[in-house]
Amino acid sequence: MLFAQYYVDGKQHEVIQKGFPKRNALKYRYFYNEKECRDYIQDVLKKSWYAKESLLKLPLLSQCDSQESLENTVVKLVMEKKLEVTLDCPIEMPAMVRPRYVQKDIVLPKPPPVPEPKGECLDFKIVVEVAGNNISDGQRLSLSKDSQGRELLQNPQTVTGEPTKHRSLVSFKKIPEDPRSIFLQVAMKGEPPLRLKLLDNAATVDEKQEKECWEHILIPLKPLGYITDALRRDQTDILPDGGWVYVFWKGKLWRELKVIKGVNFRDVRVEYYRNQRHGQIIKVDGDLRPALGVQLNTIWVPYKLNGEVQQAANGVYLLFSMTQWSWDKISEFESDTTKLQQEATSIDQLTSYEQEQHFNHPTGAVGPIAKALTNQTKTEEEQKLDEQAIPRISKHPKLLDRQRNTKIPAVYLKAIDKRLIMHFETDCHAPIDRNDLFELRTNNGSWQHASKPTLKTAEAVDGTQKQWIELIFHDVPEGQKLNLQQTSRVENETPFIIIKEKTYEELRCSAPKKPM
């Protein structure tokens, strides 16, 4: 027998040997380390009376003579990918893969009957505090299903009885005493909602209990961007349209959002594409991840869960990029905590919220939204900026007016313009549709970026029309030697080096300008 089947919490699970096809209705369960896998198998053996008997029928497990031996062997074989775990759970997006053949249903023994409860007590609640007031966008909170299959979804409500009105509450009332999981739910365009797990086994409290500060606190953030290396609030702006915000939590990418018109954000279904990347059958290109979430005004992040403040190694870090990252770059930050903490923006300043009930920090990466972008220096003398090289949006303070009274924080990310724009006159004898590839790369190969050339037309001094190629490179590293290479799509043509061993700073000063 090449598969084992059992039920846990009313859901069907299977353990199959490598090469044996999974049932089409089930979904692969991936484990990132041995501890996660061991916790899973221990939970299975604890909850399912049938699981041990079924697992021992697998040829690879038939020699296990004790439960400890069975646990160790299952963990070892799953991590070696000789065994695979599948289960019956909601599929976030349909997988367009047809089974090789139709497998007959297998009838399992019925689990022992569960006695009906004599009477259900619904005098408990779970409360999540959300910083700020009048919070309204596509983000809501939900609880996992209870024993009766009931699922709850709530919006935050401003606490009006408090003089400061500094917070809103999400109260899940009239629920059983059993612990529940808490999710952040985001509406998606044309797809099921995105559910981001915040916490397992959140404890309930008596429905009459009230607190000045709850055990679970979320904080909505309004990301803005520094536009100079001085990292000063009077030299900031809204984020560039089309850029990307990356939110890391506990050292792992938790949310990826596309910037819309500088002040709104759309979520990407991160875990779906992560599972596609780690799965055996690649159904989609994991580096092309569309942002299909509804437009959000803010980005909600966890500040405190089960009474534990999320900071340091368990904290939240944010980064901004003009271009969407590849999974390889995401993995660099996930595998290197030091690199993440050095390059990302930490929001550990939020720890003042519980005592001060506001975010009025005069300095640092976190500050009040009430004053954001209202004190910008305007002239080159005050700012030491080239206003043409780093343009501003003159009406940007007004774009925040609707949120200035919400008492939420603004978080300032490094959004310094590191674009490199080059213009080259085209060869009059070269075909226009050659579609050559232009790559800018460092000498040591640590960074490279390809630019799709755009044809531009300008009037020359003699009145004739000249054609120019425009190349744009984003996030160019500073201080490293760079080479610009042109590669023809025509077979057997040797790549041509246009620029050799120049730094970003040198290229910014000497890049050819488009004629006026």
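Checking 267, 237 one by one, the residue that is in the same structural domain as residue 401 (by TED's automatic domain parsing), closer than 27 Å to residue 373 by Cβ and modelled with pLDDT of 95 or more is 267 and no other. Might you let me know whether the stretch 34-44 holds any residue that is touching a residue at least 40 places away in the same chain (Cβ under 8 Å), within 15 Å of residue 72 (Cα to Cα) and either surrounded by fewer than 13 Cβ atoms within 10 Å (Cβ to Cβ) or of a type in the set (D, E, K, R) (or both)? Checked the stretch 34-44: at least one residue is touching a residue at least 40 places away in the same chain (Cβ under 8 Å), within 15 Å of residue 72 (Cα to Cα) and either surrounded by fewer than 13 Cβ atoms within 10 Å (Cβ to Cβ) or of a type in the set (D, E, K, R) (or both). Filtering the stretch 118-156 to residues that are part of a loop (DSSP other than H, G, I, E, B), over 22 Å from the mean Cα position of the chain (by Cα) and crowded, with 20+ Cβ neighbours inside 10 Å leaves 132, 133, 156. Residue 28 passes every criterion in (1) out of contact with any Gly (no Cβ under 8 Å at 6 or more places or on another chain); (2) of a type outside the set (S, T, N, Q); (3) not in a helix (DSSP H, G or I) apart from (1).
Any residue in the stretch 290-301 that is in a loop (DSSP other than H, G, I, E, B), closer than 20 Å to residue 193 by Cα and hydrophobic (A, V, I, L, M, F, W, C)?
Looking through the stretch 290-301, at least one residue is in a loop (DSSP other than H, G, I, E, B), closer than 20 Å to residue 193 by Cα and hydrophobic (A, V, I, L, M, F, W, C).
Sort out which residues of the stretch 157-167 are among the hydroxyl-bearing types (Ser, Thr, Tyr) and either surrounded by 13 or more Cβ atoms within 10 Å (Cβ to Cβ) or without any contact (Cβ under 8 Å) to a residue 24 or more places away in the chain (or both), and write them in order of number. Of everything in the stretch 157-167, those that are among the hydroxyl-bearing types (Ser, Thr, Tyr) and either surrounded by 13 or more Cβ atoms within 10 Å (Cβ to Cβ) or without any contact (Cβ under 8 Å) to a residue 24 or more places away in the chain (or both) turn out to be 158, 160. The residues of the stretch 9-25 that are in contact (Cβ under 8 Å) with a residue 60 or more places away in the chain and surrounded by fewer than 19 Cβ atoms within 10 Å (Cβ to Cβ), listed by number, are 11, 12, 17, 18, 21, 22, 23, 24, 25.
Across the stretch 449-494, the number of residues qualifying as at positive phi and at pLDDT 75 or above comes to 2.
Residue-level check: of (1) outside the structural domain of residue 352 (by TED's automatic domain parsing); (2) buried (at least 17 other Cβ atoms within 10 Å of the Cβ), residue 212 misses just (2). Looking only at the stretch 167-182, residues that are touching a Gly at 6+ places or on another chain (Cβ under 8 Å) and of a type in the set (S, T, N, Q) come to 1 in all. Only residues that are buried (at least 20 other Cβ atoms within 10 Å of the Cβ) and either charged (D, E, K, R) or touching a helix residue (DSSP H, G or I) at 6+ places or on another chain (Cβ under 7 Å) (or both) were counted across the stretch 238-252, and they come to 2.
Of all residues being out of contact with any Phe, Trp or Tyr (no Cβ under 8 Å at 6 or more places or on another chain) and buried (at least 16 other Cβ atoms within 10 Å of the Cβ) in the stretch 186-197, which is nearest to residue 408 (Cα to Cα)? Just the residue, please.
186
The strands (runs of 3 or more DSSP E) found wholly in the stretch 334-435 and carrying at least 1 residues that are more than 29 Å from residue 156 (Cα to Cα), under 30 Å from the mean Cα position of the chain (by Cα) and at pLDDT below 90 occupy 420-425. It is to be established whether one or more residues within the stretch 168-185 are touching a residue at least 40 places away in the same chain (Cβ under 8 Å), closer than 17 Å to residue 357 by Cβ and not aliphatic (A, V, I, L, M). No. Quick one: is residue 200 under 23 Å from the mean Cα position of the chain (by Cα), surrounded by fewer than 19 Cβ atoms within 10 Å (Cβ to Cβ) and not in a strand (DSSP E or B)? In short, no.
Restricting the stretch 288-338 to residues that are touching a strand residue (DSSP E or B) at 6+ places or on another chain (Cβ under 6 Å) and of a type in the set (Phe, Trp, Tyr) leaves a set whose member that is nearest to residue 217 (Cα to Cα) is 303. In this structure, residue 74 does not qualify as in contact with a strand residue (DSSP E or B) (Cβ under 8 Å, 6 or more places away or on another chain), hydrophobic (A, V, I, L, M, F, W, C), closer than 27 Å to residue 274 by Cβ and assigned to a strand (DSSP E or B). State whether one or more residues within the stretch 31-41 are modelled with pLDDT of 90 or more and in contact with a strand residue (DSSP E or B) (Cβ under 8 Å, 6 or more places away or on another chain). Yes.
The values are calculated or read from the model by the stated rules, or taken from the named source; none is laboratory data. Since the model is a prediction, treat every value here as computed from it, not as a measurement. Counting neighbours? That spans all protein chains shown, and the Cβs are built from the backbone with ideal geometry, glycine included.
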